[in-house]
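A short write-up of the structure that comes next.
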Amino acid sequence: MEDQDQRAKIPVSHEVGMVLDALSVSELEQRIALLKTEIVRLEAAIDARGDTRKAADAIFKF
């Protein structure tokens, strides 16, 4: 029961520079997957900004 209580306290998010010593290999792999998913989301946001910029440029192009 104590192990489950301790696992419940481990954050699901990741902070850059956080101490990794207490995390298991499985938890580290989960963090990597989380960060990879976030990278994809950030790249999509960048692409969306580029599309918006292109549309604005097309409207105001003389």
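Of all residues in the range 27-42, exactly one satisfies the criterion of being among the hydrophobic types (A, V, I, L, M, F, W, C) and touching a Leu at 6+ places or on another chain (Cβ under 9 Å), namely Leu28. If you go through the range 47-62 and keep only what is loosely packed, with under 10 Cβ neighbours inside 10 Å and among the β-branched types (Val, Ile, Thr), you end up with just Ile59. Residues that are at pLDDT 90 or above and part of a helix (DSSP H, G or I): does the range 6-26 have at least one? Checking the range 6-26: at least one residue is at pLDDT 90 or above and part of a helix (DSSP H, G or I).
The values are calculated or read from the model by the stated rules, or taken from the named source; none is laboratory data. The shown structure was predicted, so the numbers you read here are calculated from the model rather than taken from an experiment. As a convention, Cβ positions derive from the backbone with ideal geometry for all residues, glycine included, and neighbour counts pool all protein chains shown.
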